[in-house]
Amino acid sequence: MRAEHPKLEAGLAALGIDVRSGTSLSELTSLGIGGTTDLLRITKHDFIPDLIELLEHHNIPYKFLGGGSNLLVGDGELPWVILQLAKPDPEIVLEGNFAHVDAAADLGRTVTFCAKHDLGGMEGLIGVPGTVGGALRMNAGAYGMQIGSYVREVKLYRAAERKIEILKGNQISFEYRHTSFGPDDMMLAVTLELPSKPFKEILQGIRICNEKRRSSQPLGQKSAGCIFKNPPGASAGRMIDELGLKGLSVGDAKVSDRHANFFVNAGQASAKDMLALISDVRGRVENAFGVKLENEVVVWNA
Ligand code: EPU
């Protein structure tokens, strides 16, 4: 999809939008898969309602991209433009035990920045790739913690209301890899309240989590983290492993040899390959265990 109409281009320029024509989503996603479209980078949160109105006026469908680390995007020319927040400077402002963080901030860098200021709690999230906004939207978690536990306030673009709103933590429900945000809501900024802890102690926790992750997950390979959610009381990775499916592949899409719930792009995998592999593995698990695995990865297929 191209944002090419002269009036649209003038409108985008007036809203301070940086347009990157013909961007390949394979370069913006950790799986390294995805077709081409125009990327619209947002520099001012306040202009988002006007931007949405402008796009809708010109019949341009859009999708909102965070860090691209939990996403499988379709192949070829994509039928929507992509909106993404530009990173502000600074990304994080601390005030006592509160961290005010822009949604575009890198999650890992946020954890270490807070740690250096003796604010802990998020050690488990250290190796989780992506942005703070992406982590917030899906309530990312690992090693017994989830980001939702620390959220006190969220600034977001409410798609249903077509305006920017501030929600208190207790107005949002955070469940396992799920939140009460609407599907088209855009996370803009968050205030976290973090417990005070000496840096040395936080660092020790970070090292332990890093070590566990390194020993069980394929960190150097292109993936979207876990493909499926864990069903209640069970592990999707263990079930897939028990069926002997590590190494199973469709084209260059492959079930990781290291962790069976990670599917990797071992070369030039297409979305079609990856979707076929997901469907094959889901079918085999359902046949063997009677459990229909639900995607954790978000799929944007044309
Ligand atoms: N296991 C196997 N074979 C495998 C993978 C796992 O037998 O190929 C077994 C492990 O030995 C372990 C059990 O399954 O006994 C659970 O495995 P693991 O500790 O790796 O945890 P997981 O349930 O597979 C979850 C999250 C991860 C998170 C880790 C650590 C989900 C879907 N996955 O994985 O999150 O990093 O716990 O807390 O909830 C993600 O969300 O993308 C993700 C990677």
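I'd like the full set of residues that are in a helix (DSSP H, G or I) and under 20 Å from Leu71 (Cα atoms), limited to region 110-147.
Matches in region 110-147: Leu125, Val132, Gly133, Gly134, Ala135, Leu136, Arg137, Met138, Ile147.
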### Query
With respect to Arg137, is the statement that it is of a type in the set (Lys, Arg) and under 30 Å from Lys272 (Cα atoms) true?
yes
### Task
Kindly indicate whether Lys272 is at pLDDT 95 or above, assigned to a helix (DSSP H, G or I) and within 16 Å of the ligand (Cβ to nearest atom).
no
### Query
Residues Asn97, Asn59: which one is over 16 Å from the mean Cα position of the chain (by Cα), surrounded by fewer than 21 Cβ atoms within 10 Å (Cβ to Cβ) and without any contact (Cβ under 8 Å) to a residue 24 or more places away in the chain?
Asn59
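Residue-by-condition table, conditions (1) within 16 Å of the ligand (Cβ to nearest atom); (2) assigned to a strand (DSSP E or B); (3) closer than 17 Å to Ser21 by Cα; (4) small (Gly, Ala, Ser):
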| residue | (1), (2), (3), (4) |
| --- | --- |
| Pro49 | no, no, no, no |
| Leu83 | no, yes, yes, no |
| Asp89 | no, no, no, no |
| Ala104 | no, no, no, yes |
### Task
Consider only pairs whose beta carbons are under 6 Å apart and that are at least six residues apart or on different chains; among these, list those whose first residue lies in region 248-264 and is on the phi > 0 side of the Ramachandran plot and whose second residue is more than 9 Å from the ligand (Cβ to nearest atom).
Gly251/Ala269; Gly251/Asp273
### Query
Of these, Arg137, Arg162, which one is touching a residue at least 40 places away in the same chain (Cβ under 8 Å) and surrounded by fewer than 16 Cβ atoms within 10 Å (Cβ to Cβ)?
Arg162
### Summary
Counted residues in region 225-266 being away from the ligand (no atom under 11 Å from the Cβ) and in contact with a His (Cβ under 7 Å, 6 or more places away or on another chain) come to 0
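The values are calculated or read from the model by the stated rules, or taken from the named source; none is laboratory data. The structure presented is a predicted model; accordingly, all values stated were derived computationally and were not measured. Glycine also receives a Cβ, built like all others from the backbone with ideal geometry; neighbour counts cover every protein chain displayed.
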